[in-house]
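The values are calculated or read from the model by the stated rules, or taken from the named source; none is laboratory data. This structure is a prediction, so every number in the text was calculated from the model and none was measured. A quick note on method: Cβ atoms are made from the backbone with ideal geometry, for glycine too, and the neighbour counts reach across all protein chains shown. Areas reflect the complete protein model, heavy atoms only, side chains present, ligands, DNA and RNA absent. Shrake-Rupley method; radii C 1.70, N 1.55, O 1.52, S 1.80 Å.
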Amino acid sequence: MLLVCAFLAMLPASVLRVNDWVELGRDQFALEMLGPLAVFAVWWVMGWRTPRRETRHNGLRALAAVALLTALGLLALSQFLLGWIPGPLALARALINERSLAGVWEQIVAVWAAAGGRLALWWGGVRGGGASQDNLIFAGLAGIVLWTAGSVTGWLARRYQQGFLAAAPVLWLLGTVLLYSFGGRILMAVGLGAAVLLQLLLDHDKLLKRWTARGLDYSTGLLLDRLMLVIGVVLLLLTAAAVMPNLYLSPLVDRYFARVQPVYESMEGLADRLFPGVQGASRLRGGGLAGGLPNDFLLRGGPDLGNEVVMRVRMSDSPASGYPDYDAGGESPPGHYMRGGTLTVYDGRGWSNSAATTRIDVPADETLQELGVEGRKEVVQSVALTFNTQVLYAAPEPATVSTASSAGLRAEGDLVALWAKERSYTAVSAVPAVNDEMLAAEEAWSAQRPLPAGYEIHLELPDTITPRTRELAAKLTAGVSGPFAQAQAIEAYLRTFEYDLSVSEPPPEVTDVADYFLFELQRGYCDYYATAFVVLARLNGLPARFATGFAVGQWDPGDGVWTITEAEAHSWPEVYFPTYGWILFEPTAGRPGLARIGLPQTALVAPLPAPVDAPEVESPPVVWNWQMLIWFAPLALLGWALYAVAAAQRRKREDPWLGVMRWGARAGRPMAADETVLEYGGGLADYVLRRQTQQQDAARKAAAEMRSLSGAVNSSKYASPAQREDADSAVRRHWERLRDYLRVLRIRK
């Protein structure tokens, strides 16, 4: 039991190792040892603690135990992290060489002074709005949580002898860590298995103590029998889980994420303020648009993240299954970026949207925005999302959606995002269909041709823009006329930078990400490229915004479907042109350049094609896997708890004498009409002694309890009122003992 508790207490630290939130080095092993050490400490402390019934000073003893455990925890944690207690060799060397421990004491003081300085520096950063990452402080706080969880687990196991109750704090902590992680979910299944084993061991220990106190015989192989039974039930659950669907109740999930989104955002802000360097934590995808560098969390999700499919899309301008031009040659048809949202407010560190954004409800199949027809073609997409989100993804610019949605708008034609609860929908988009010549003919915005109302926000820049960034913007477009040529010059310059997914987020001292990327880092991923492009474009008077979503994905010629994974998460800039509206650019060096193809009918004006009835994308296949065990475990725990409560209430309400009479009738010795209570109690006891052939010891004790119970029942009915209360207590006491014996008796009728 001790080892199982210690193993459970180690699981939350193990999931930190799997997800590698911070680089802890040898401190990771220390965190994994703290939980088990806390369990051992609790086991030791509760071993000498005087039971409640034998002392009048339980409160003081409890406080002393808590104080001792706290001191032990702080001592173990500080020694693991700081190593301030010198070893015997260091002490011996000091005594031999210096004949004094003063040098050792100075080293201890220096270690604690350095740790105090780091703590003060970290706390000063927190109070100032954002601390610099300190892995030692993170390990210290995590160690306190892990020691507390291990202590509570050990105390619950010793105090209440309930495995599920004892495992609850550790499993809750483990689930909380997994909620913000991508890896280690198998540890939850392992933890549930350990909780079941702990429940079995503790329950069996209680049974043995009860049987020993009452002098009952029992088989030494009973634990193995019960263990095999539990293993059989678990295998049955696993088999059932393998053949049952992985249920995904969209309304329930959507409601949950809608409720926790505000709490999560505040927690994420606090985490960024305390430990900005924590990696591997996910974002809840409940419908909002991520601020900061939106795709940063996807880049740190581990190798499994990129292989997960997020959507499957069938488009009207892609060939259907069996199309020879693409099946035979292995060539992919042109695809479209699937945009989730746009951001326009840049603060030097990242992107967000203004609070003045208008939110409107849009009925199904109703036009979202009037985009005009010049340089645009209509593309119908059937989309099946396979990840949790309320954001609707579509090729820019979406005009109608087949489901009722909520739209965020800054101004007419300036869409922020679309939100809905549907996972499968059809979107009609007016995508750009212009070539380089058409865009090169566009004139710049001017007093004679001003920006539409509300679009000035796409030219705004913060005070963090550095003089060297302004100089670079002017240098790149020197001698270049026309907005498209200027945007091309910026795009070409940025594509010379190295594409690198391994870079971390900007250090806390960086006040402007664009400047940091352009002049110091000079490598990075899509968020950096798009940020730098928008800043340089706005410095040249080009209205631009930051878009986030997914790249085109992989073409499946067999199904005629685009399959998009999390690895396709992408950000790109969009520039607003007078005639054609928002036009995409691709400054990221790790992505192929955009092929701009104009409409074939005319050079500048082309009618929209007739609507295309794109076939529906099939819903994602039902996943059948063992993870359905997660559904069974809470239900089993709930059922067990309800059964235990119901059984306790039933025993409390049960009339003991009626219980004896019912058992006697089933055993073949009913109560005769002319028998008194005392007569029937004695007669049933004699019947049990005569007919019981195997459990003789249990039969003798049961017969004695029957006679005592019948006497107590007789007193409770016919004794004086002052004596009846004691008689009722005796009835309950004898019935509790007799009921255990009746369970093991086998009467030969």
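Points worth noting:
- Inspection of segment 349-362 finds a residue satisfying the criterion of being at pLDDT below 90, buried (at least 18 other Cβ atoms within 10 Å of the Cβ), farther than 15 Å from TYR425 by Cβ and among the polar types (S, T, N, Q).
- In segment 488-515, the residues that are without any contact (Cβ under 8 Å) to a residue 12 or more places away in the chain form no Cβ pair under 6 Å with any partner that is of a type in the set (A, V, I, L, M) and open to solvent by less than 70 Å² (accessible area, probe 1.4 Å), whether six or more places apart or across chains.
- Within segment 689-711, at least one residue is surrounded by 15 or more Cβ atoms within 10 Å (Cβ to Cβ), in contact with a Phe, Trp or Tyr (Cβ under 9 Å, 6 or more places away or on another chain) and outside any helix (DSSP H, G or I).
- Complete set of residues in segment 90-101 that are at pLDDT below 80, open to solvent by less than 50 Å² (accessible area, probe 1.4 Å) and either part of a helix (DSSP H, G or I) or within 18 Å of GLN79 (Cβ to Cβ) (or both): ALA90, ALA94
- Residues (open to solvent by less than 30 Å² (accessible area, probe 1.4 Å) and part of a helix (DSSP H, G or I)) located in segment 492-505: LEU494
- Top-ranked residue of segment 562-580 - restricted to ones that are open to solvent by 10 Å² or more (accessible area, probe 1.4 Å) and either modelled with pLDDT of 90 or more or assigned to a strand (DSSP E or B) (or both), ranked as nearest to ALA551 (Cα to Cα): ALA569
- Hey, ARG733 free of Cβ contacts under 8 Å to residues at least 24 places away in the same chain, loosely packed, with under 14 Cβ neighbours inside 10 Å and within 29 Å of LEU207 (Cα to Cα) or not: no
- Residue list for segment 30-48, restricted to those being modelled with pLDDT under 85 and open to solvent by 70 Å² or more (accessible area, probe 1.4 Å): TRP48
- Filter result for GLU679 (open to solvent by 80 Å² or more (accessible area, probe 1.4 Å), at pLDDT 90 or above and out of contact with any helix residue (DSSP H, G or I) (no Cβ under 6 Å at 6 or more places or on another chain)): yes
- Test: residue in segment 221-234 that is open to solvent by less than 30 Å² (accessible area, probe 1.4 Å), assigned to a helix (DSSP H, G or I) and at pLDDT 70 or above: no
- Count of segment 451-473 residues which are among the aliphatic types (A, V, I, L, M), more than 39 Å from the chain's Cα centre (by Cα) and surrounded by 12 or more Cβ atoms within 10 Å (Cβ to Cβ): 3
- Of the residues making up segment 425-441, those that are part of a loop (DSSP other than H, G, I, E, B) and crowded, with 19+ Cβ neighbours inside 10 Å are ALA433, VAL434.
- Restricting segment 663-676 to residues that are assigned to a helix (DSSP H, G or I) and of a type outside the set (Phe, Trp, Tyr) leaves a set whose member that is most open to solvent (accessible area, probe 1.4 Å) is ARG666.
- Taking the numbered list (1) among the small types (Gly, Ala, Ser); (2) open to solvent by less than 10 Å² (accessible area, probe 1.4 Å); (3) closer than 12 Å to VAL575 by Cβ in turn, GLY541 passes all entries but (2).
- Among (1) within 23 Å of VAL345 (Cβ to Cβ); (2) of a type outside the set (Gly, Ala, Ser); (3) not in a loop (DSSP other than H, G, I, E, B) - the single one GLU520 does not satisfy: (1)
- So GLY154, is it free of Cβ contacts under 8 Å to residues at least 60 places away in the same chain and not acidic (Asp, Glu): no
- Residue within segment 123-142 that is closer than 23 Å to ALA76 by Cα, part of a helix (DSSP H, G or I) and of a type in the set (Lys, Arg) present: no
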